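Notes to accompany the following structure.
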Amino acid sequence: MIESLLVANRGEIARRIIRTAKRLGIRAIAVHSEADAGLPFVTEADEAVCVGPANPAQSYRNVEAILAAAKSTGAQAIHPGYGFLSENADFARTVEASGLIWVGPRADAITAMGDKINARNLMAAAGVPVAPGTTDPAADLDAAVAAAAEIGYPVMVKAAAGGGGMGMGVATDETALRTEYDKVRSFAERMFGDGSVLIERYFPRVRHVEVQILGLADGRVVALGERECSVQRRNQKLVEESPSPAVSPELRERFLAAAVRAGEAVGYRNAGTVECLLDPATNEFFFLEMNTRLQVEHPVTELVYGVDLVEEQLRVAAGLAPTFDPDALAPRGHAIELRINAEDPKRFLPGPGAIKTWVEPTGEGVRVDSGYIEGNTVTPFYDSLMAKLIVSGATRAEAIARAKGAVAAFELAGPKNNLPFFAELLENEEFLSGDYDTGIVSRMR
């Protein structure tokens with residue numbers, strides 16, 4: 001097993017990785033910005049190194065500073081968490097070229113899945129269902145208009161290099177397409193340095209369902225069930241649950257088989273997620289993207305399958321067999337995750353600030369993965385996620401009941417937060433029925 005691990009991230013995911021590392025007897029090393037010096041992940045690590053000022057480009061995305069920290073602390077491996085450098089193929093190559101172990105997929109898999117058009121084409125060739133769309137970037141507006149006419153409106157205009165719900169727009173006709181194309185292209189150039197645009201069929205009523213895969217050290221790819229991620233605002237997830245209430249045993253079998261084929265098509269190793277859109281009217285699903293990293297919502301899979309995905313990542317990186325039997329994977333019970341963000345519960349606009357009160361709920365089936373404690377300050381420099389409230393039970397109804405109690409018991413004052421939204425959601429008939437889609441939040445608002 002790896003003996004020393006540098007965590008190239010911050011907040012709750014850094015704290016989460018450090019927790020598993022220390023349980024396994026691995027020396028855990030944190031890197032942090034000047035703004036994060038007082039956060040729990042820094043104090044809980046065995047060693048911590050400041051890698052720059054608050055600006056992520058000068059700290060958490062500062063490759064030279066992170067590698068220097070790894071060298072000075074004698075780190076053997078680097079875990080990137082999610083976000084920041086986690087899906088940066090050049091960083092993965094640089095880590096390995098420096099003689100360190102990269103806790104993630106191979107750089108060529110990151111590259112293959114990083115471009116949405118290339119990923120679509122690879123998946124189609126592997127027999128994974130893809131939505132009707134362009135097989136090459138829409139080079140200009142005329143090409144986009146021609147593609148949309150062939151596909152049929154409405155269409156989704158997507159940044160080919162985007163991810164995580166960023167760089168997307170919907171066009172219901174040619175006039176809207178002309179506006180959205182320019183908007184998405186300029187956003188993509190600014191955010192990703194690549195203005196390539198993909199045109200794809202848009203489904204007005206759709207569910208977002210993803211499959212957790214793990215590429216093992218022996219070359220096999222296994223699937224650890226699906227997660228329902230349809231409670232979203234601005235294409236960003238707020239709630240995830242596993243198993244999906246929309247997925248029958250027969251549909252689950254098709255989902256998992258397609259996800260394994262997707263991983264095998266790129267020789268996938270380590271943890272990854274195959275994201276899909278599910279048309280509830282037809283039970284057809286289509287490949288959306290592959291996230292070549294650990295997901296924010298990984299805890300619901302851990303609770304349903306009884307595994308520690310961070311430990312499994314470390315074992316794969318070290319060339320070790322998994323702790324579980326890949327031929328005997330079976331879900332047990334139900335789990336739900338609520339993302340506790342520093343944002344107002346109505347318009348979901350960021351609301352950072354000093355945390356005056358922070359009391360986490362406890363009890364059977366309640367887990368909190370948090371990045372903050374009372375007295376910390378949520379700054380405006382990073383994502384608004386403060387904590388993940390994860391609940392589990394023998395049934396979906398029991399998990400929801402525990403979620404209601406946990407939301408009511410979570411004492412949080414200072415920054416704006418979305419706990420009131422979750423209290424509302426957990427009483428919403430559409431959500432309670434399990435028959436909901438990605439439009440549920442807009443209908444609540």
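Any read-out appearing in this document is the output of simple, stated calculations on the displayed coordinates, not a laboratory observation. Note that the coordinates shown come from a computational prediction; the quantities given were computed from them, not determined experimentally. Ideal geometry is used to build each Cβ from the backbone, glycine not excepted, and the neighbour counts take in all protein chains shown.
Worth a mention:
- Vicinal HN-Hα couplings computed from phi for the range 224-231 (Karplus, 6.51 cos²θ - 1.76 cosθ + 1.60; Hz; Gly/Pro x): 10, x, 10, 10, 8, 10, 7, 7
- The range 138-288, Cα convex hull volume normalised per residue, Å³: 125 Å³
- Stretching the chain fully between ASP344 and ASP325 yields a gain of 2.5 nm (0.36 nm per residue, less the alpha carbon separation).
- The SER72 and ARG19 beta-carbon pair, evaluated with R₀ = 25 Å, returns a calculated FRET efficiency of approximately 0.60.
- Per-residue ³J(HN,Hα) for the range 279-294, Karplus 6.51 cos²θ - 1.76 cosθ + 1.60, θ = phi - 60°, Hz, x for Gly and Pro: 7, x, 6, 10, 6, 7, 10, 9, 4, 9, 6, 10, 8, 8, 5, 6
- Summing +1 for each Lys or Arg and -1 for each Asp or Glu among the other residues whose beta-carbon sits under 9 angstrom from that of MET444 gives 0.
- Translational D in µm²/s for the range 207-444 (Stokes-Einstein at 37 °C, 0.692 mPa s, Kirkwood Rh from C-alpha pairs): 178 µm²/s
- Both radii were evaluated on the Cα set of the range 4-103; the Rg over Rh quotient, with Rh as the Kirkwood radius, amounts to 0.92.
- Taking only the Cα atoms of the chain, the ratio Rg/Rh comes out at 0.94, with Rh defined as the Kirkwood radius.
- Counting neighbouring Cβ atoms within 10 Å and putting the fewest first, the residues GLU34, GLU241, GLU364, GLU302 line up as GLU364, GLU34, GLU302, GLU241.
- Here the simple spin-label model places points 7 Å from the Cα toward Cβ, and for ALA217 and GLU429 these points are separated by 5.4 nm.
- GNM flexibility winner over the chain from ALA21, ALA354, ALA109 (Cα, springs under 10 Å): ALA354
- Order of MET1, MET290 - criterion: other Cβ atoms within 10 Å of each residue's Cβ, fewest first: MET1, MET290
- Sites matching chymotrypsin sites (Phe, Trp or Tyr not before Pro) across the range 282-339 that sit in DSSP coil, with at most 16 neighbouring C-beta atoms within 10 Å: PHE324
- Projected label points at GLN236 and LEU141, each 7 Å from Cα along the beta carbon direction, are separated by 3.0 nanometres.
- Measuring between their Cα centroids, the range 175-197 and the range 201-257 lie 28 Å from each other.
- Long-range amide H partners of ALA160 with built H, under 5 Å: SER196, VAL197, LEU198
- Cross-link partners of LYS404 among lysines (Cα-Cα below 26 Å; sequence separation of 8 or more within a chain): LYS237, LYS346, LYS356, LYS388, LYS416
- Separation between Cα centres of the range 301-324 and the range 392-432, rounded to whole Å: 28 Å
- Going by neighbour counts of Cβ atoms within 10 Å, the residues VAL310, VAL407 line up, fewest first, as VAL407, VAL310.
- Computed over neighbours whose Cβ is under 14 Å from that of LEU85, the net charge equals 0, Lys and Arg +1, Asp and Glu -1.
- Within the shell defined by Cβ-Cβ distances under 13 Å, the residues around LEU67 carry a net charge of 0, with Lys and Arg each +1 and Asp and Glu each -1.
- Sequence-distant residues sharing a close amide H with ASN418 (under 5 Å, placed H): ASN341, GLU343
- Segment ASN283..CYS50, full-extension length gain: 78.9 nm, with 0.36 nm per residue of separation and the alpha-carbon distance subtracted.
- Calculated from backbone phi, Karplus (6.51, -1.76, 1.60) coupling profile of the range 200-206 in Hz, x at Gly/Pro: 9, 4, 9, 9, x, 10, 8
- Point-to-point label distance, VAL63-SER98, nm (Cα→Cβ direction, 7 Å offset): 1.0 nm
- At q = 0.18, 0.28 Å⁻¹, base-10 log of I(q)/I(0) for the range 132-201 (Debye sum, equal scatterers on each alpha carbon): -0.53, -1.30
- Linear extension gain, ARG443 paired with MET1, 0.36 nm per residue minus alpha-carbon span: 154.2 nm
- Of ALA257, ALA271, ALA160, the one that fluctuates the most in a GNM where the chain has Cα springs shorter than 10 Å: ALA257
- Distance from the Cα centroid of the range 93-114 to that of the range 331-385 is 31 Å (rounded to whole angstrom).
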